[in-house]
Every structure is written in structure tokens, then in C-alpha cells.
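For reference, the structure discussed in these notes is given below.
The values are calculated or read from the model by the stated rules, or taken from the named source; none is laboratory data. Values in this document were obtained by computation on a predicted structure and should not be read as measured data. Neighbour counts are summed over all protein chains in view; Cβ atoms, including those assigned to glycine, are modelled from backbone coordinates with ideal geometry.
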């Protein structure tokens with residue numbers, strides 16, 4: 001009988017540690033044999049667990065052990081390829097000619113090394129790929145696990161055969177997770193979604209999202225964990241700080257600026273949850289791995305997908321061009337990740353979403369020549385059905401400055417209720433406005449006698465302004481109570 005013996009989890013772990021120790025000691029033949037058997041056993045355990053619908057934790061543990069066994073097995077083959085080449089260079093093993101070309105006294109065979117000619121070809125291919133990219137094995141295997149895929153020999157062989165950069169780097173190589181967003185993704189988003197005139201890009205990187213937003217007419221507030229010296233078209237430098245430690249508007253009912261960004265995938269769950277909890281944007285678009293739709297163990301993921309779900313998810317039917325990490329100098333890869341724009345919209349009661357999000361399939365190639373929706377409307381468009389006969393030029397009328405002032409008047413007054421001195425930049429950032437709107441609002445407040453200039457050039461509400469703030473605040477509180485917001489939250 002050749003039935004595979006299925007060991008326990010502890011036995012698999014012990015086998016992996018044994019194989020690793022033998023590899024480090026230079027016993028490649030025995031290390032390879034143990035690693036290969038452990039790979040097959042772990043694969044069987046994972047497959048059996050999936051067939052009987054065991055918990056995800058059981059499957060993931062088996063896949064992890066399969067991955068570790070595959071890494072050791074692959075390293076053994078790389079080392080064996082080096083050993084064979086070294087022996088051939090010394091004349092200790094045949095290069096494929098007649099056996100008598102190798103002396104009997106010093107010669108040895110492939111079998112003695114623990115590899116046959118078919119395996120040697122694959123081993124050399126993998127070895128050459130690893131020479132060009134030393135972290136290839138680890139990255140390919142970890143990328144498969146991260147995407148919920150089985151870490152297989154076939155997948156690793158395919159990557160080595162193409163000798164390309166892989167989907168995911170090690171944590172050390174990823175650094176601050178800067179993977180520039182393809183312009184194709186932004187053209188698609190802007191053709192389908194309109195945001196408030198002022199948009200915040202809190203992970204600006206080198207400006208791959210900022211630039212198309214500005215080209216579409218948006219005023220972009222920018223910040224990032226790392227200071228890369230990025231400057232907006234208005235000459236404003238990026239802010240520097242950890243988004244996960246940032247503070248949003250102090251008033252519970254205040255709406256923060258719209259957010260558009262490609263967050264670091266390593267902290268995507270916490271990033272999205274912090275944005276909704278702390279900053280409460282009117283609209284937020286995040287470019288995420290499509291796997292973000294799944295998952296139930298992470299509390300932040302459940303918060304943003306179950307309790308406050310996105311309104312729409314634009315699934316790219318054609319994979320986006322590869323997002324290589326910043327500073328990558330290796331060969332360029334084709335993308336092997338499915339991505340989507342996740343778009344949240346805030347309801348009047350402060351929550352997000354209404355049931356399961358609408359899943360919209362889009363092909364980014366069809367949106368590369370489509371004009372973006374006009375900024376300031378906060379609307380979205382239905383996906384387009386393309387044909388040669390149709391004209392897809394769309395225009396959304398932009399509101400006048402007077403209309404914007406009227407629309408933002410009450411919200412800006414409420415923002416001033418704590419009577420902290422402010423200027424047009426503080427108002428703009430606090431409420432989420434374009435510079436022209438913020439300046440015009442300050443002029444309107446001053447003309448109506450609602451604010452007065454201080455010696456340092458900043459402004460404070462006057463007595464009349466405080467009275468109007470109280471009136472506007474009372475109206476807003478009444479609206480929230482009618483919307484079902486608990487009293488203690490309204491009074492916070």
C-alpha cells in the first residue's frame with residue numbers, strides 16, 4: 001500500500017525543524033527527502049480539512065507547514081544545483097559526455113548528490129532565478145499564502161521559469177508599503193465617482209493618486225508616513241505622520257473630508273476602520289485586494305465590511321498593471337492580484353452603507369479616454385456599456401461659488417463653536433473645502449459680523465456669531481435626534 005500517512009500537527013512541525021537543521025548542517029539529500037515528504041503530508045492534511053469543511057484555522061496551519069516544507073525543499077535544490085556545477089567545474093562529475101571523462105578515483109554521480117537529470121534542470125532554473133532575486137522563494141510562497149492560495153511547487157516553478165519579480169515582498173523589503181497606484185485605476189474611479197471639491201490623500205506616496213485628482217479639478221490635501229517632499233499644485237507641502245494615530249473632527253456629527261487613497265496593504269484593516277471611526281469622511285474610496293470582501297476574524301475588517309459596509313465595490317475584471325514596490329529594480333511582473341475600488345458613503349445618521357454593497361464589474365481599458373465626473377457633486381455614474389456608435393462624453397454641472405458658500409455656511413459655523421482662533425487654511429482643512437470656498441466663507445462671515453479678526457490675523461466668532469452657532473447647532477441636534485442618534489452621542 002502507498003497510502004499517505006497523515007501525521008499530527010506536532011509531528012509535521014518536528015519534521016520541518018529536522019529538515020531545516022539537516023539543511024543547515026549540509027546534509028542536503030536527507031533534508032530534501034524529509035522536506036518533500038512533509039510537503040506532501042501537509043498538502044494532504046489541508047486538502048482533507050477543506051473537503052470536510054474544517055475551520056479555516058486548521059486549513060491555514062496545514063498550508064503554513066506546506067509552505068515551510070516547500071521553502072526548505074527549494075533551498076535544497078538550489079544548493080544541489082550549485083554542488084553539481086561546482087563538481088563539474090572540478091571534473092568530479094560528468095557534464096553529460098562519456099563517463100571516462102571523469103576519473104574513477106575522484107568522480108561521483110548525480111544519484112550520490114540526491115538529484116536526477118530532470119530535477120537538475122529545474123533546480124538550475126530555480127537557482128538562477130534566486131541569484132537574480134535572492135528573496136524569490138520566500139516571496140512567492142508568502143504571496144500565495146497571503147492571497148489564500150495553496151503554496152505549490154508548480155507556482156514556484158512557474159515564477160522561476162519566467163524569472164520575474166513576484167507579487168509580494170518580504171516585510172523588510174516592503175518597508176512602508178509604497179506601491180504606486182496605476183493611472184488606469186484612477187481614470188476608472190474618476191469616470192465613475194465624484195467627490196467633494198477638497199479630497200484628502202493620507203498615503204500620498206509620490207503623488208500617483210494626487211496628480212490625477214488635481215488634473216480632474218480637485219483640491220487635494222496630502223500627507224504620508226514618510227516625507228518624500230511631495231507638493232500640491234498650490235505649493236502646499238505634504239503633512240507627515242502616521243495615519244493610524246491621526247485625529248478627526250472633534251464634533252460627533254461633523255463630516256470629515258472625502259478620502260481617496262491606496263492604503264498600505266499590511267495595515268489595510270486598521271486603516272479603513274480608523275478612517276471611518278475617526279475621520280468620518282462623507283465619501284471614501286480605497287483601492288484594495290478583492291479578498292477584502294472576505295474574512296471574519298479581524299474586528300476592523302468586520303467593522304468596515306459588516307457594520308459600516310461600502311456602498312459600491314468596483315471590481316476590475318481585467319487585472320490592473322503591476323504595482324511594483326517603490327525602488328524595485330528587478331524584472332517587471334504582470335499582475336497576479338485581483339483588485340477593486342471600495343467606496344463608502346456616509347449616511348445622515350453617521351453610519352455607512354445600506355446592506356451588502358453593490359458589486360460593479362468594470363474593465364479599466366474602457367475608461368482610459370472617458371472624462372472624469374466634475375468635482376464637488378459627490379455623485380456616481382452607472383457603468384458604461386460601450387459601442388462604436390455611442391458618445392460617452394458626460395458633463396456634470398459644477399456649482400457656483402455662491403452655491404457652495406450657501407451649502408457650507410451652516411457646517412462651517414458649527415465647526416467654529418469651540419472658539420479656537422482660525423484662519424482660512426484651518427477652516428479649509430477642518431471642514432474640507434477648496435481654498436476659494438474657505439476664503440469666500442470667511443469674507444461672508446465677516447460681512448455679516450459673525451467673526452472678527454484678531455491681532456495675529458486669525459479670526460474668532462463675535463457675540464452674534466456665537467448666537468448663530470448656538471441656533472444652527474440646536475437645529476443640527478434636533479435633526480440627529482430625529483434620525484435616531486442616541487442623546488449621549490449628540491451631546492458629546
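Here is how the numbers come out for the structure above:
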read-out: Hits in segment 145-190 - residues which are part of a loop (DSSP other than H, G, I, E, B), under 17 Å from residue 130 (Cβ atoms) and at pLDDT 85 or above; value: 151
read-out: So residue 53, is it out of contact with any helix residue (DSSP H, G or I) (no Cβ under 6 Å at 6 or more places or on another chain) and either surrounded by 15 or more Cβ atoms within 10 Å (Cβ to Cβ) or not in a helix (DSSP H, G or I) (or both); value: yes
read-out: Considering residues of segment 269-278 that are surrounded by fewer than 22 Cβ atoms within 10 Å (Cβ to Cβ) and out of contact with any helix residue (DSSP H, G or I) (no Cβ under 7 Å at 6 or more places or on another chain) only, the residue nearest to residue 146 (Cα to Cα); value: 277
read-out: Residue among 206, 228 that is free of Cβ contacts under 8 Å to residues at least 40 places away in the same chain and either under 14 Å from the mean Cα position of the chain (by Cα) or farther than 16 Å from residue 428 by Cα (or both); value: 228
read-out: Odd one out for residue 39 among (1) touching a helix residue (DSSP H, G or I) at 6+ places or on another chain (Cβ under 9 Å); (2) farther than 18 Å from residue 138 by Cβ; value: (2)
read-out: Failed item, numbered, when residue 315 is tested on (1) in contact with a helix residue (DSSP H, G or I) (Cβ under 7 Å, 6 or more places away or on another chain); (2) surrounded by 22 or more Cβ atoms within 10 Å (Cβ to Cβ); (3) at pLDDT 95 or above; value: (2)
read-out: Any hit, segment 69-90, residues being buried (at least 16 other Cβ atoms within 10 Å of the Cβ), at pLDDT 85 or above and either outside the structural domain of residue 152 (by TED's automatic domain parsing) or more than 18 Å from residue 124 (Cα to Cα) (or both); value: yes
read-out: Failed item, numbered, when residue 427 is tested on (1) within 19 Å of residue 255 (Cβ to Cβ); (2) surrounded by fewer than 18 Cβ atoms within 10 Å (Cβ to Cβ); value: (2)
read-out: Number of the condition not met by residue 59 [criteria: (1) surrounded by fewer than 18 Cβ atoms within 10 Å (Cβ to Cβ); (2) at pLDDT below 90]; value: (1)
read-out: Index of the failed condition, residue 305 passing every other in (1) surrounded by 18 or more Cβ atoms within 10 Å (Cβ to Cβ); (2) outside any helix (DSSP H, G or I); (3) free of Cβ contacts under 8 Å to residues at least 24 places away in the same chain; value: (2)
read-out: Selection count where residues are part of a loop (DSSP other than H, G, I, E, B) and either surrounded by 11 or more Cβ atoms within 10 Å (Cβ to Cβ) or modelled with pLDDT of 85 or more (or both), scope segment 349-399; value: 29
read-out: Selection count where residues are at pLDDT 90 or above and assigned to a helix (DSSP H, G or I), scope segment 226-282; value: 15
